[in-house]
Amino acid sequence: MESCYPHLSLEERRKIAKWRDARMPVPEVADRLGRAPSTIYRELKRNFFTDTEMPELNGYHAIAAQNMYDRRRAIHRKMVVHPELKDAIEDRLKAGWSPEQIAGRMRLERHPIRVSHETIYRFAYSKDGRDEQFYRHLPEHRKRRRPRGYRRHHRTQIFDSQSLSRRPERIAQRTEFGHWECDLMMFRKEYGKINVTSLVERVSRYAVVVRNEDRQSKPIMEALIEGLAPLPADARRSITFDRGTEFSAWQRLKDGMGADSWFCDPQAPWQKGTVENTNNRLRRYLPRSTEPTALTNRYLRSICHRLNSTPRKCLGYRTPAEVFESNLMEIQNRLT
């Protein structure tokens, strides 16, 4: 079992000051507090108050000791010492970046002053961060860090599909560019049948989002063809779907632009985890309460631009747009 060494509290410091004024030996103070004597000796040395102008005030005082402790703790919090750094981090959080993406990008760009993602989280949940409600800028907007919940699975069925188990290993290992994952994002039933198609390239994590008027499969497939057909054939090799009936017209993809289709096992949408993760990111801008009739493709493109311009840890903190464009350039160079 790991040992835990909690810091002294203000109440403990008050007791130390009272007992030291009564000339109580340090070992006895430590025994009464259930602390090691070395902890008390260190506390008395580090937080001893000294006034050169009024030496009669010199001594160990609880409030002064607590203030010195708080100042030392703040010195080690870069976001307190460097408010300009905090402001820059806050701007990135407001732009949709996660603390891990911010810290990773700082390392990639070799900032002279940089922090870890844990530092950002700790500040957000510290007294200073809570006073500023800094946690509201975090991706989940939570006051406390929580484990992820369970994903719900919906029973769907599709026939004549190509099973994911037969998908080539090079696709599963993300060693070949041009393979996509697709899903639908739904909104509240009272808003009608309008939904959004989310499409993500597996290597670059580059996202494309398109509005649909309903869940009929043929129009959805036609929209996919219209969106991907301008790309080189090597940039649109295949698409992976779940077994929702909205993807039952998959054969149109092969006829329309030569792309293969692969399907997850029943009740296993996690097998297309890239697009599921992207949907979670998109929900920040497109919650279920969104009025979908007000969505325009221009607005959806602006959301995609924000996601595709955000650095990702899995990409070495490059952005999806950077990786996608780099792969497109390689394809164009091969063709020429």
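Averaged per residue, the chain has 60 square angstrom of accessible surface, using a 1.4 angstrom probe with ligands and nucleic acids left out. With the highest mean first, a sort of the peptides 287-294, 92-99, 240-247 on other beta-carbon atoms found within 10 angstrom per residue produces 240-247, 92-99, 287-294. Packing around the peptides 50-60, 250-260, taken as the average count of other Cβ atoms within 10 Å per residue, puts them in this order, highest first: 250-260, 50-60. Here the stretch 36-76 is assigned +1 on the Cβ of each Lys and Arg and -1 on the Cβ of each Asp and Glu. Its dipole about the Cα centre then comes out at about 340 debye.
Taking every DSSP beta bridge that has both ends in the chain, the antiparallel portion is near 60%. One Cα centroid belongs to the stretch 39-65, the other to the stretch 241-303; the line between them spans 64 Å.
Per-residue ellipticity at 222 nm, computed for the chain from helices alone with -39500 (n - 2.57) per DSSP H run of at least four residues, works out to -12500 deg cm²/dmol. The label-point distance for Ala294 and Arg136, in a model that sets each label 7 Å from Cα toward Cβ, rounds to 2.0 nm.
Near the amide H of Ile239, within less than 5 Å, lie the amide hydrogens of Trp180, Asp260, Ser261, Trp262, all on another chain or at least 5 residues away, with H placed in the peptide plane. Taking the centroid of alpha carbons for each part, the stretch 8-30 and the stretch 72-106 are 38 Å apart. Using a basic spin-label model with each label point 7 Å from the Cα along Cα→Cβ, how many nm lie between Met68 and Glu213? The two pseudo-label positions are separated by 7.5 nm. What the phi angles of the stretch 66-71 give under the Karplus curve with 6.51, -1.76 and 1.60, with θ = phi - 60°, is a coupling list of 5, 5, 5, 4, 5, 5 Hz, glycine and proline written as x.
For Cα Rg over 2.2 N^0.38 Å, one of (i) 1.07; (ii) 1.41; (iii) 1.01 was computed from the structure I shared and the rest are decoys. Which label? Evaluating Cα Rg over 2.2 N^0.38 Å on these atoms matches (ii). Here's how it looks for Asn212: its modeled amide H is under 5 Å from those of Asn195, Val196, Thr197, which are all 5 or more places away or on a different chain. Phi angles across the stretch 9-26 convert, under the Karplus curve 6.51 cos²θ - 1.76 cosθ + 1.60 with θ = phi - 60°, into 3J(HN,Hα) values of 9, 4, 5, 5, 5, 4, 5, 4, 4, 5, 6, 5, 4, 8, 6, 6, x, 4 Hz, Gly and Pro given as x. Taking 0.36 nm per residue of separation and subtracting the Cα-Cα distance, full extension of the segment from Asp31 to Ala268 would add 79.5 nm. A simple packing score, the average count of other Cβ atoms within 10 Å per residue, orders the peptides 204-215, 267-278 as 204-215, 267-278, with the highest score first. With a Cα cut-off of under 18 Å and a minimum spacing of 8 residues unless on different chains, the lysine pairs in the chain number 10. Measuring r between the beta carbons of Ala249 and Asp51 and using R0 = 51 Å, the FRET efficiency lands at 0.05.
The values are calculated or read from the model by the stated rules, or taken from the named source; none is laboratory data. Predicted model only: the values in this text are computed from it and were never measured. Quick reminder, even Gly has a Cβ in these numbers, built from the backbone with ideal geometry, and neighbours come from all protein chains shown. Areas reflect the complete protein model, heavy atoms only, side chains present, ligands, DNA and RNA absent. Shrake-Rupley method; radii C 1.70, N 1.55, O 1.52, S 1.80 Å.
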